[in-house]
Every structure is written in C-alpha cells, then in structure tokens.
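Single-structure report; data block below.
The values are calculated or read from the model by the stated rules, or taken from the named source; none is laboratory data. Everything quoted here is computed from the prediction, not taken from an experiment. Note that we place each Cβ from the backbone using ideal geometry, even for glycine, and neighbour counts take in every protein chain shown. Remember, those area values only see protein heavy atoms, side chains included, never the ligands or the DNA or RNA. Shrake-Rupley method; radii C 1.70, N 1.55, O 1.52, S 1.80 Å.
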Amino acid sequence: MEPDFPATPFTEALLKENEELRTENALLRERCSELEERVNKNSQNSSKPPSSDGYQKPSKKGSDKGDTSSKEAPCSSQETPNPKSLRPSSGNKPGGQKGHQGSCLRRVALPDYVRHLKVEKCCCCQSSLIDIKPTKYIERQVFDPGRPGEFEVTAYWADVKVCPCGKRNTAEFPQGVKAAAQYGEVTQAMAVHLNQYHFIPYHRVSEYFNTIYCMSVSAGSVANFVAYTHENLASTEQSIRDALQESPVAGADETGMRVDGSLWWLHIMRDDQWTLYYLSGNYSAPSKGVLL
C-alpha cells in the first residue's frame, strides 16, 4: 500500500512520473517478449526456411573435451537447433569400404558398336603386316549412356600379329581405354557434372544412372571419377591461380559453408576471364580448389 504524502506540486509530479514509468515499463516488457519470440523462431518451429538459421549451430553436449558449461547451465532457447538427419552417420569416407564385397563391370556378349583396330606394319622392322592374319584379338568394352532407358557398349577389337622377324605387334587402343570393361568419358563427365556442379551426392548419382539408363554405376565409381578429374585439373588450377595473381584488377569474396560438420570458408577470386573457388578452414592458404 502506497503511503500518503501531502498533496504538494512536488509529490504530484513524482506520482505522475512514476505512473508514466510504469506504463513505459509495461510497453517495453511487451516489446521485449515480442522480439524474443521472433528471435527464437527457426526452421524447426516456424515456417522460416533452413537458410535463415545462419551458420552458428549449438555444440553437442560433451563434444568439447573439458567443457562442462553444458552440464552446469541449460541450453539457451535462442540457440539455433542442430539439424537432425534421418540418416545416421557411419563415419566412413565416400566410396567402397575396405573389406566390402565388390563387384566389377563385366563385358556383354553383344556390344552395340564394334571398332576394329588394325596393325599395318611392324613396330620393330617396319615391314608391312597388312597381309598377315592376326593370331588373336584383344577386346575391350566401353560403357556409356544412350537413349533414356538404355546404355551403349562400344567394343574395341585390337589385332595381334606376329611379324616374320618374330616381333609380336598389338594394335593401340584409344587413349583412356585400358580395361577389359570400363566406363567411358561420357559416363565420367556426367557423373562429375552432377556431383560437383549440381551438388548431387554419390549415391544419388548412382541412382540416376540406374533409373535413367538402367546402367550400374556404383557410388564408389563416382567418387573415383571425381578424384581422377581433380588430379587432371591440378595444372589447370595452378595456371588460373598464376593468371589471377598477375591480373591488375580482381574481385574477391567469401561465404561460410559446412564441411564435415564444421564451418569452413568458400572463397572466390575472379577477373574478367578467370574464376577460382577454394575452401579453407580458416584464413590461411587454401586447401581445396574448384575451378569454373
């Protein structure tokens, strides 16, 4: 119960000011509650998209050794929730795992196309071998997508001829055709394009070939295609780096992205002709590069 004060101009001013402060305090508390409710909204408890959650995610309990703050204090309601995937992590690297039951690509009995590779002269004495009959043929098959619902197989038959001088001659296969049965350049290029440009996971790229072309391409093969392409582009990447370093004017920017559950930085460097993307865990030298 408020005490009674003599009705003086001074007390009347204090009582009026007190009433105004009470009203202002109530309005501020209501506004604060509204803002807290707005801040606490995220993609899991409202219609906000996941991209609005930002880069910061709450650390899992016990993930940091020696950190006991999570045991002493409850989690803040303003923390962005950790996304919960329905797929449990196996902890394994992409591709075929050690000790797994593998399967290889096998040749077909009736290929769609046949390319005959002939031997016309001896590689040793340079004598003509056109009239010499082959002793046998070496066959290698290349698998590539065809029309929707089909894949195409091209068979290469290489002559094996023995020269009168005794030298055994084998026709040369096209560059890259090295195995008895293998995927072609079109298959490899499509797999790398889907995975690297469209960000489709390895297993879904495998499903794509199986669904669209009835073609068996394992996730491990897709991972190998990406690694092989990365190795082949090493010199190209270095050339672009050198060109950007010599460019008089170049633009640079960065944005955060998740790599193995951690926040990394996707950097970009570009000029009118070249563009280089690269990832780094901090602002030190880049560790992974992607070229466009």
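When both the range 7-50 and the range 236-259 are represented by their alpha-carbon centers, they are found 49 Å apart. Between amide H atoms placed 1.01 Å from N, distances below 5 Å from L129 occur with K121, C122, all of them 5 or more places distant or on a separate chain. Highest mean first, the peptides 132-139, 28-35 sorted by other C-beta atoms within 10 Å per residue fall in the order 132-139, 28-35. In this structure the range 113-242 gives 62 Å² per residue of accessible area when probed at 1.4 Å with all protein chains present. Solvent-accessible area of the range 227-277 (1.4 angstrom probe, protein heavy atoms only): carbon and sulfur portion equals 50 percent.
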